C-alpha cells in the first residue's frame, strides 16, 4: 500500500534515522513513539510530502491520497466554516464538471471515432470514482463532523479567521475526516479537544475506513486505537506488533535480553584476551593465540545505549494554609445575555485534587478565573483562604513572557531558593536540554513557550495550583515527571485536562461543566466520571416508575415478624448450603490458579537463567526462541493473575452476601 524504503533524514551532523524501511497496509493503526526530538513528526512530514528526506524513497499507488494534520500552524481565513468543510468534496465537484464537459463533447464527435471511444472510457472511469461520493450524504456528513468536533450550527456561516488556533486545528481536522484519504497522518490530534470532542474523535477513528498513523501523548487513546508501534530512539527505529503498552513491555524485555547478551559477550571477550596474553609468546600456542586474535577482531560488538536520564522533579515546599483554600458562595457569572452559571457553591479544601472537564465554552476557564480571584463573579462571593498561596498556569501565560530573555533567565528569575541550583535539570525534564536553555523566548515555538511558562510556575512555592491543559506540549516522559511530582505534592490543585492516563492516578474528584446546566461534582477520577456518565445515558427510566419507587420508599415499613429458634436454625442451614454451593467451585479454581501461577513463575525463572547462558546468548535462533517463550509465559501469567484477582474479588463479595453462620 504505502512503502517507506531506506529513508535517511539528517539535520546538520545529527542523523534522525537512516535506512528506515516499513510498509503501511490498508486499515492499519500505527503509533509513532519516542521522546520529543526523536524524529516522529519529521518522519510524518516526509510521508505527508511536507519535507523531503535526504535519501530513500516513499512509494504509493496512483491516485493514492495522504492526509496530514500537523500539531500547529494552521491559519484559515477568507472563507466560511461551511465552505471550507465543503471543499473536502471538491474532487467530486471537479469530477462531475469533467463528466458534464465530456458528455457535451460526445454530441459533436463521430460515434465510431477513437476520440468518441476515448471520451466514453474517461466518462466511465470518472463515474466509478464519483460513486464513492453520494451527493445525498455530503451535507449530513459535513454537519455530523462539524458538530462532533464541537462547532455550533451558528458557527457554520462564520469566517474561519474568527476562530482561535485550537478551533483552526479542528477545522483542518474536519476537512481531513471528510476527505477520507487512504492514509491519515495525525500529529497530536487531541491537543485542542475537550473531553466530548475527544470521545467523538476516538469513535470516528475506530471506524475510519483508511489507515491511520498517529503521534499522541494520550496513552489511553494509543492503547485503544493502535495495533502496531514504531519507536524512535538514538537514530534507530524499532517495530513492535502491538499497542503502546505492548511496546513498553516488549522494549523492556528486549533491553534485558540485549544486556544479557552484552554481558555474555563481554565475558567471552575477556576470556579470549586472557588466552591471547597468556600463550602468544609460547611457540606451541602462538598460532592458536594468533587465530583467536583474528576472531576477536571480527567480533561485532554489542552496544548498550544509555537511556535518557529521568530526573524526579519535586515541588518547592508549600507554605502552610487554612483548611479552606478558596470558596465560591452563591456565585453567578453573566456576559451580556449569556449566563455561564448561577447560584453556584463550591469550595476547595487543603490537599484536594480536582479535575475540570466539559466542552469548550461551558465555563471551565471562567470558573478558573473566579476560583482564583482573577475575575469577580457577577453575583455571590469569592473568598481566598487564609495564607493561600496561588500559582496559576494558563495557555495565555506563555504570551506574557519577555521575548528578550533566555529560557534559563526566565525560570531563574522566579525559582525558589531550594530549586535555583537545579533549574537546568528541571528544564531538562521538560524538554529543554543542552544549549536549548540559552535560546531567547522570542524565537521559541508556541509549544516551547508554553513549556517555559509551565516550568516558571512549577518552581515557585505555592499551596494552591491551577493547571490549564498542562500536558498539551509534553512528551510521555515529561508527563510522567509532572505526574509523579503532583502525586507527592501536599497542596491543593485543580487541573483542566482531557488526558485520562495523566489524570486518573492523581485526581480524586471531577467537576463537570455543561452549557446551560449547573456544574456537577463526581467523587472519583476521570474513568469513574466517564463510567457514571455512561450509566446516566443508558438508564433513562420512565418518570412513573421513579415516582412509584419514591412512593414505595416513603411508605412506613411493617415491623418484621419475630421467628422461632427452630426457623432461624433452618434458615442458617439454608444459607450455609447456598454458601457452599456458590463458593466451593470458586475456591477450587482459586487454589488451582495459585498452583498454575507458581509453576509459570518457576518456568519463567528457569527460562531467564537459560537466556543468560553464554551459549544461548551466542546463538540468535536460540535467543529468539527463548524470547518468544518468555513473552508467551508473561502473557499466560498476566491472564492467570487477572483471573486470580477476579475470582478473589468474587469470593469476597459472596462471603459478604452469604455470611458464615454459627
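Values in this text are rule-based calculations from the coordinates and carry no lab data. Given the structure is predicted, the values throughout are model-derived calculations rather than measurements. In this analysis, Cβ positions are derived from the backbone assuming ideal geometry, glycine residues included, and neighbour counts consider all displayed protein chains.
Assorted remarks:
- Paramagnetic reach from residue 535 (point 7 Å along Cα→Cβ, amide N under 15 Å) across the range 503-525: 510, 521-525
- Segment residue 286-residue 103, length gained on full extension (0.36 nm per residue, minus Cα span): 56.9 nm
- Beta bridges assigned by DSSP with both partners in the chain are antiparallel in approximately 50 percent of cases.
- Each of the peptides 220-226, 102-108 was scored by the mean count of other Cβ atoms within 10 Å over its residues; in descending order, highest first, they stand as 220-226, 102-108.
- At R0 = 51 Å, FRET efficiency that the Cβ-Cβ distance of residue 238 and residue 332 yields, to 0.05: 0.35
- Rounded to the nearest 0.05, the FRET efficiency derived from the C-beta distance between residue 488 and residue 258 at R0 = 35 Å is 0.60.
- When the alpha carbon gyration tensor of the range 247-298 is reduced to an equivalent ellipsoid, the three semi-axes, largest first, read 35, 9, 5 Å.
- In range of the label at residue 634: residues from the range 247-264 whose backbone nitrogen is under 18 Å from the point 7 Å along Cα→Cβ: 247-262
- Each label was represented as a point 7 Å from its Cα along the Cα-to-Cβ direction; for residue 152 and residue 378 these points are 1.4 nm apart.
- With a Förster radius of 22 Å applied to the C-beta separation of residue 179 and residue 52, the computed FRET efficiency comes to 0.40.
- Annotation for residue 199 and residue 405: the two label points, set 7 Å from Cα along the Cα-Cβ direction, are 4.1 nm apart.
- Approximating the spin labels as points 7 Å out from Cα along Cα→Cβ, the residue 603-to-residue 420 distance works out to 6.1 nm.
- Per-residue ellipticity at 222 nm, computed for the chain from helices alone with -39500 (n - 2.57) per DSSP H run of at least four residues, works out to -15500 deg cm²/dmol.
- Taking 0.36 nm per residue of sequence separation and removing the Cα-Cα distance, the residue 266/residue 591 pair yields an extension gain of 112.6 nm.
- Likely footprinting exposure, 63, 619, fewest C-beta neighbours within 10 Å first: 63, 619
- The order of 82, 167, going from fewest to most other C-beta atoms within 10 Å of their C-beta, is 82, 167.
- Two-decimal log10 I(q)/I(0) for the chain, as the Debye equation yields it once each C-alpha is a single scatterer, q = 0.09, 0.10 Å⁻¹: -1.03, -1.19
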